[in-house]
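These notes are about the structure you will find just below.
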Amino acid sequence: MKLTLKIWRQKNAAARGKFETYQMNNVSPEMAFLEMLDALNKKLVEEGKDPVAFDHDCREGICGSCGMYINGHPHGPIPAITTCHLSMRFFEEGQTVWIEPWRAKPFPVIKDLIVDRSAFDKIQLAGGYISVNTGSAPEANSNLIPKKKSDEAFDSAICIGCGACVAACKNASAMLFVSAKISQFALLPQGKVEAKERVRAMVEKMDELGFGNCSNSGSCEAECPKQIRLSNIARLNREFYKAY
Ligand code: SF4
Ligand code: FES
């Protein structure tokens with residue numbers, strides 16, 4: 001395939017960025033999207049040019065670091081997958097592909113497509129953990145938890161902290177992320193002990209770091225690669241009211 005890439009280039013957070021155009025020939029439909037960017041970078045390096053900076057680690061949909069806007073969608077146009085799982089077979093011969101970093105004030109651009117998502121770490125540090133010593137894996141029946149509850153907690157715990165929910169939200173709200181982190185504990189007995197302190201601290205930190213309120217538009221849920229549900233936000237609100 002031949003593709004035209006329009007990629008956001010920005011030297012650092014203070015610099016003005018702009019789109020640069022790159023022509024790619026011989027893109028195989030079997031390539032992963034990040035492999036296509038690797039091929040572009042190889043070409044740029046061979047030409048003595050600055051390669052496009054983009055973040056990635058696991059390339060298995062686990063670490064959450066590969067987020068970028070592709071043709072107007074966080075992680076690209078295919079629902080429920082991360083950028084690293086996006087295949088070039090979803091693109092067409094001659095297509096123009098627009099590639100941008102997350103656009104949200106709490107996620108400043110470090111370079112090109114890489115943004116600083118350490119605000120999420122700060123929210124987690126504020127209270128997104130349990131302080132009891134959990135030791136090694138307990139005997140399976142020592143804490144009886146209804147299957148429905150453990151399934152729900154697991155569905156919340158699969159949030160990978162990618163930030164697509166923030167990027168998709170017109171208010172740059174982090175509520176889907178925070179609600180997933182609150183829910184994974186709120187649904188289980190181990191999380192009840194510090195529930196009030198946790199929700200107060202995480203919401204306070206989220207507000208302090210400049211994330212907006214929930215816009216109720218649901219774009220976070222629509223764009224989340226792990227299909228974290230809006231019902232988590234309802235649970236976050238209930239936990240927050242209970243904490244005062
Ligand atoms: S809620 Fe979804 S979109 Fe938001 S950080 Fe977690 S996995 Fe990413
Ligand atoms: S590189 Fe880890 S989720 Fe994509």
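The values are calculated or read from the model by the stated rules, or taken from the named source; none is laboratory data. This structure is a prediction, so every number in the text was calculated from the model and none was measured. Don't worry about glycine lacking a Cβ; one is built from the backbone with ideal geometry, like all the others, and counts go over all protein chains shown. The area values use the complete protein model at the heavy-atom level, side chains included, leaving out ligands, DNA and RNA. Shrake-Rupley method; radii C 1.70, N 1.55, O 1.52, S 1.80 Å.
If the condition is being over 20 Å from residue 122 (Cβ atoms) and either buried (at least 24 other Cβ atoms within 10 Å of the Cβ) or more than 8 Å from ligand 1 (Cβ to nearest atom) (or both), then the stretch 157-189 contributes 168, 170, 186, 187, 188, 189. Report yes if residue 199 is open to solvent by less than 20 Å² (accessible area, probe 1.4 Å), within 14 Å of ligand 1 (Cβ to nearest atom) and under 28 Å from residue 108 (Cβ atoms), otherwise no. Against the criterion (open to solvent by less than 20 Å² (accessible area, probe 1.4 Å), within 14 Å of ligand 1 (Cβ to nearest atom) and under 28 Å from residue 108 (Cβ atoms)), residue 199 does not qualify. Restricting the search to helices (runs of 4 or more DSSP H) fully inside the stretch 173-244 and requiring at least 1 residues that are of a type outside the set (Asp, Glu) and touching a Cys at 6+ places or on another chain (Cβ under 8 Å) gives 175-186, 219-223, 231-242. Considering (1) within 16 Å of ligand 2 (Cβ to nearest atom); (2) open to solvent by 70 Å² or more (accessible area, probe 1.4 Å), the lone condition that residue 25 does not fulfil carries the number (1).
Matching residues to (1) touching a helix residue (DSSP H, G or I) at 6+ places or on another chain (Cβ under 6 Å); (2) within 26 Å of residue 70 (Cβ to Cβ); (3) in contact (Cβ under 8 Å) with a residue 24 or more places away in the chain:
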{"residue": "165", "(1), (2), (3)": "yes, yes, yes"}
{"residue": "180", "(1), (2), (3)": "yes, yes, yes"}
{"residue": "185", "(1), (2), (3)": "yes, no, yes"}
{"residue": "199", "(1), (2), (3)": "yes, no, yes"}
{"residue": "212", "(1), (2), (3)": "no, yes, yes"}
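So in the stretch 64-73, with the set limited to residues that are in a loop (DSSP other than H, G, I, E, B) and either within 9 Å of the chain's Cα centre (by Cα) or closer than 15 Å to residue 166 by Cα (or both), which one is nearest to ligand 1 (Cβ to nearest atom)? Among those residues, the one meeting the criterion is 64.
Here residue 170 fits the description: touching a residue at least 12 places away in the same chain (Cβ under 8 Å), assigned to a loop (DSSP other than H, G, I, E, B) and closer than 19 Å to residue 73 by Cβ. Go over the candidates 87, 150, 136 one by one and state the one that is over 12 Å from the mean Cα position of the chain (by Cα), surrounded by fewer than 20 Cβ atoms within 10 Å (Cβ to Cβ) and within 16 Å of ligand 2 (Cβ to nearest atom). After applying the criteria, what remains is 87.
What do you reckon, is residue 160 among the β-branched types (Val, Ile, Thr) and either within 16 Å of ligand 2 (Cβ to nearest atom) or at pLDDT below 95 (or both)? The answer is yes for residue 160. Residue 223 meets all of the listed conditions (1) charged (D, E, K, R); (2) more than 8 Å from ligand 1 (Cβ to nearest atom); (3) crowded, with 18+ Cβ neighbours inside 10 Å but one, namely (2). Remark: residue 146 falls outside the filter, which requires a residue to be within 21 Å of residue 9 (Cβ to Cβ) and away from ligand 1 (no atom under 13 Å from the Cβ).
Against the definition (part of a loop (DSSP other than H, G, I, E, B) and either touching a strand residue (DSSP E or B) at 6+ places or on another chain (Cβ under 6 Å) or β-branched (Val, Ile, Thr) (or both)), how does residue 76 come out, yes or no? Steps first, answer last, please.
Numbers: part of a loop (DSSP other than H, G, I, E, B): yes; either touching a strand residue (DSSP E or B) at 6+ places or on another chain (Cβ under 6 Å) or β-branched (Val, Ile, Thr) (or both): yes.
In short, yes.
Every residue in the stretch 226-244 that is closer than 28 Å to residue 76 by Cβ and open to solvent by 60 Å² or more (accessible area, probe 1.4 Å), please. Within the stretch 226-244, 227, 229, 230 qualify.
β-branched (Val, Ile, Thr) and within 19 Å of residue 75 (Cα to Cα): does that describe residue 130? Answer is no for this residue. Of the residues screened, residue 55 is one that is charged (D, E, K, R) and crowded, with 19+ Cβ neighbours inside 10 Å.
Take the conditions (1) more than 24 Å from residue 192 (Cβ to Cβ); (2) open to solvent by less than 20 Å² (accessible area, probe 1.4 Å); residue 216 misses just one of them, which is (2).
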